[in-house]
Amino acid sequence: MLDECAPEHEWDEKTHHYHIKWKDKPVYPSLPKGDHSKRGKRAGRAEIEVGHVKKIVRFLGIDIDCANKMVPQLNLKQKT
């Protein structure tokens, strides 16, 4: 989703999280890596909860329509 909806984003891998930066926004510091579960990094993939993705979209100001298209489970609504 970040590749498609937040082009040119940057990420920095930390011990337990990724730090995500896009445009002039502050760093989003808490995207979990999932490296401490059997379903996580040891299995070759990390599961990220929808709540984290919603928070990233709001925090970084990512286009809601793009985010919903890439991750339909989000069901984000435009603010009125």
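The values are calculated or read from the model by the stated rules, or taken from the named source; none is laboratory data. Just so it is clear, the structure is predicted and the values come from calculations on it, not from any experiment. Every residue, glycine among them, receives a Cβ derived from its backbone with ideal geometry; neighbour counts consider all protein chains shown.
Just so you know, in segment 62-80 the residues that are in a loop (DSSP other than H, G, I, E, B), out of contact with any Cys (no Cβ under 8 Å at 6 or more places or on another chain) and not polar (S, T, N, Q) include one that is nearest to Val50 (Cα to Cα), and it is Val71. Summed over segment 1-24, residues that are closer than 14 Å to Asp63 by Cα, of a type in the set (D, E, K, R) and in a loop (DSSP other than H, G, I, E, B) total 1. Comparison of Ile48, Ile20 shows that the only residue that is under 27 Å from Gln78 (Cβ atoms), modelled with pLDDT under 80 and within 10 Å of the chain's Cα centre (by Cα) is Ile48.
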